[in-house]
Amino acid sequence: MAIEGHHLVDRRGAPSRVCEMRFIAGLCLPFFVALLSASPPEAVVVRGSLANSQETFRTKKQGRVVFLGGSITENATGHCAMIPDWLQSRFPETKFTVVNAGISSTCSHTGAFRLERDVLKDGPVDLLFVEFAVNDNQDAVHTREQAIRGMEGIIRHVRRSSPETDIVMIDFVNPQMLKQFQKGEIPVSVAAHEAVAQHHDVPSVNVGAALAEEIAAGRKTWDQNYGGTHPNPEGYRFASDLISSVLSRAWDAPGATGPHPIPEPLDPDSFGNGRFLDPGTAAWMGGWTAGKCGAELLPLGAIRGGFLTETVTVASEPGAAMTLQFEGNCLGVFVLAGPDAGVLEISVDEGPFVAHDLYHQHSAQLNYPRTVILQQGLSRGGHQAVLRVAAEKNAASKGHRISILQFTVNP
């Protein structure tokens, strides 16, 4: 693949794009508007600096590289294998520790809340790759606001906890998103993530935009050459070449080392302090039990192997309740929503109960992992919640089961 065939832009040290737009518009507004509407989104954008990881790889001869995302990341033979191979070829004397922190079906919200457990707990990360555009689009169906809150939460949490970590954002693509790119539109999740990347000076790779360009030119097809939502080896190679082009351009030009700056958030309610809260900290009022994930507690639907070692807190009878003390501006649950997933009601600080249907479109055969935000926009500080299993249920569900892996909070 010839990277030169794609829109590849270097934003480092460039004047404000807004200023550029105003200047050009002032000279010739009609021409500028026509040019803007005809321009496809940029496939690869180099922003900020990736000099910290380069310096570590060069001088310390070691590096910790983490991939965070959904099933596209979890695939052990995809870009999570190809990029480390490329890194090893560029730094042949460096010993790399590579962590695949992908969990199928999960969105950027889950990523923000599990970041401490799955990415940061073992120490500083030198280079982090993040992908959630597809799952924010097709699984969580997030609005722009919710996609920003998840992705910005990840970026800000990393910047505070490991300020010298270099980050690269990757936007993969599904058929619906590809059709939007082919019509000159930008999917909501990609637009939201790119807004975060621009605001926080994070380089990004837009696989969908690049693929739409290749298909239009007759050089690739969606099914055969790329392989679908979960790419085939050629598709992963296509994405990996784009990712390595970001790294090469960033490392081939001088860049500043040191802590990355942290601007004010795009959304003050983004999950920048997101973390899990053990359900065992709640006070159960009857009807709940806890144990390892398995058929005894989750009798219906498949359970992915990665969850079989985790503890799940379960209730299946309407009226089963618990109280929870927590801090922060939101409360959610990371659940396994299976064929019998129920409706969870919540009251915060003695407010009215609000019902949340946990059954998902993919729950019919699978205990589907998903994060559901129960309350947000709360005042910062301490709160008390009452949670209970509702009497009503989704018409497609076979029961009322609530299966909580973790509470999610943003203190």
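Derivation of every value follows stated rules applied to the coordinates shown; laboratory data play no part. A quick note: this is a predicted structure, and the numbers were derived from the prediction, not measured. All Cβ positions, glycine included, derive from the backbone under ideal geometry; neighbour counts span all protein chains shown.
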>> Looking at the chain, identify the longest residue range that excludes and avoids all trypsin sites (Lys or Arg not before Pro) in DSSP loops having at most 14 other Cβ atoms within 10 Å.
In response: 220-379
>> List the GluC sites (Glu not before Pro) within region 169-248 that DSSP assigns to loop and that have no more than 14 neighbouring Cβ atoms inside 10 Å.
In response: E185
> From the backbone phi of region 392-400, what are the Karplus-calculated ³J(HN,Hα) couplings (6.51 cos²θ - 1.76 cosθ + 1.60, θ = phi - 60°) in whole Hz, Gly and Pro given as x?
Replying inline: 7, 8, 5, 4, 7, 7, 9, x, 10
> In the set (i) 17.6; (ii) 28.8; (iii) 21.2, which value of mean projected area of the Cα convex hull in nm² was calculated from the structure you see?
Replying inline: (iii)
> Out of the DSSP beta bridges found with both residues in the chain, what percent are antiparallel (nearest 5)?
Replying inline: 65
>> For a test of the definition: using alpha carbon positions, the gyration tensor, and the 1.5 limit on a/c, classify region 119-189 as rounded, prolate or oblate.
In response: prolate
>> What does the charge count around F91 come to, taking other residues whose C-beta lies under 9 Å from its C-beta (Lys +1, Arg +1, Asp -1, Glu -1)?
In response: +2
>> Based only on other Cβ atoms within 10 Å, what is the fewest-to-most ordering of H400, H199?
In response: H199, H400
> So what's the net charge close to I262: Lys and Arg +1, Asp and Glu -1, counting the other residues with Cβ under 13 Å from its Cβ?
Replying inline: -1
> Which net charge results when you count Lys and Arg as +1 and Asp and Glu as -1 among the other residues whose beta-carbon is under 12 Å from that of V188?
Replying inline: -4
> Regarding region 109-240, what is the average projected area of its C-alpha convex hull, in nm²?
Replying inline: 8.0
